[in-house]
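Student: The structure's right below; bear with me while I get my questions together.
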Amino acid sequence: MDHAELTYEICYENKKVVEMHIIETKSNKPNLIYFKEYRNLFENDEWQTIKLIEGELIPLVNQLDEVDRKTPINNYETFRENLNKIWETYKLEKEALKLDKGEIKDMGDQITITRVN
């Protein structure tokens, strides 16, 4: 296997909003990040046509735009903007990969990330 998939929960205002997956590649390819809720928008066969390991996955902020916004948070747009600021600086990925299973990291702006596996 040339990659490992790690799972995280991202919370805003102490409520789970999205489940994030990082496909950590073992080769020289960049790691890939997607939200489970985004993947759920596709049929399994359709998802398989998105070449995850080759990097053909849209940026997280665009995934959030596609995800059904029936979330337990009051201000989805603020959450989206705050998460995008963290993602754009690569802080989201860097900090997530440092976490051990069950560890929680406060990312600021009321966003926390927890490693599930």
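The values are calculated or read from the model by the stated rules, or taken from the named source; none is laboratory data. Please read all numbers here as calculations on a predicted model, not as lab measurements. Accessible surface is based on the protein model in full, side chains and every heavy atom, while ligands, DNA and RNA are left aside. Shrake-Rupley method; radii C 1.70, N 1.55, O 1.52, S 1.80 Å.
Student: Which shape class, rounded, prolate or oblate, goes with the chain when its Cα gyration tensor gives a ≥ b ≥ c as root eigenvalues, a/c under 1.5 marks rounded, and past that a/b bigger than b/c marks prolate?
Tutor: Numbers: a/c = 1.76, a/b = 1.23, b/c = 1.43.
Oblate.
Student: Of the accessible area of the chain, with the probe set at 1.4 angstrom, what percent is carbon plus sulfur?
Tutor: Values: 3030 of 6920 Å².
Answer for the chain is 44 percent, counting heavy atoms of protein chains only.
Student: Keeping all protein chains in place and using 1.4 angstrom, which order do K85, K29 fall into by accessible surface area, from largest down?
Tutor: Working: K85 110, K29 90 Å².
Result of the area sort, largest leading: K85, K29.
Student: Please label the shape of the stretch 1-53 as rounded, prolate or oblate, based on the square roots a ≥ b ≥ c of the eigenvalues of the alpha-carbon gyration tensor (a/c under 1.5 means rounded; beyond that, a/b larger than b/c means prolate, else oblate).
Tutor: Details: a/c = 3.13, a/b = 1.34, b/c = 2.34.
Oblate, since a/c reaches 1.5 and b/c is not below a/b.
Student: Leaving out same-chain residues fewer than 8 places away, which lysines sit with a Cα under 26 Å from that of K15?
Tutor: The reachable lysines, counting only those whose Cα sits under 26 Å from K15, are K36, K70, K85, K91, K94, K98, K101, K105.
Student: Mind checking the per residue accessible area of the chain for me, 1.4 Å probe, whole number of Å²? Kindly include the intermediate steps, with their values, before the conclusion.
Tutor: Details: 6920 Å² over 117 residues.
For the chain, the per-residue accessible area is 59 Å².
Student: Sticking with this structure for a sec: Taking 0.36 nm per residue of separation and subtracting the Cα-Cα distance, what length does fully extending N14 through I50 add? All intermediate terms of the calculation are to be shown ahead of the outcome.
Tutor: On the way: separation 36, 0.36 × 36 = 12.96 nm, distance 3.20 nm.
Computed gain between N14 and I50 is 9.8 nm.
Student: For the chain, what relative contact order do you get, as a whole percent, if you take Cα pairs closer than 8 Å and at least 6 residues apart?
Tutor: Worked out over the chain, it gives 29 percent.
Student: What ranking of H3, H21 comes out by heavy-atom accessible area, probe 1.4 Å, highest first? Present the calculation step by step, with values, prior to reporting the outcome.
Tutor: Working: H3 50, H21 20 Å².
The residues order as H3, H21, largest area first.
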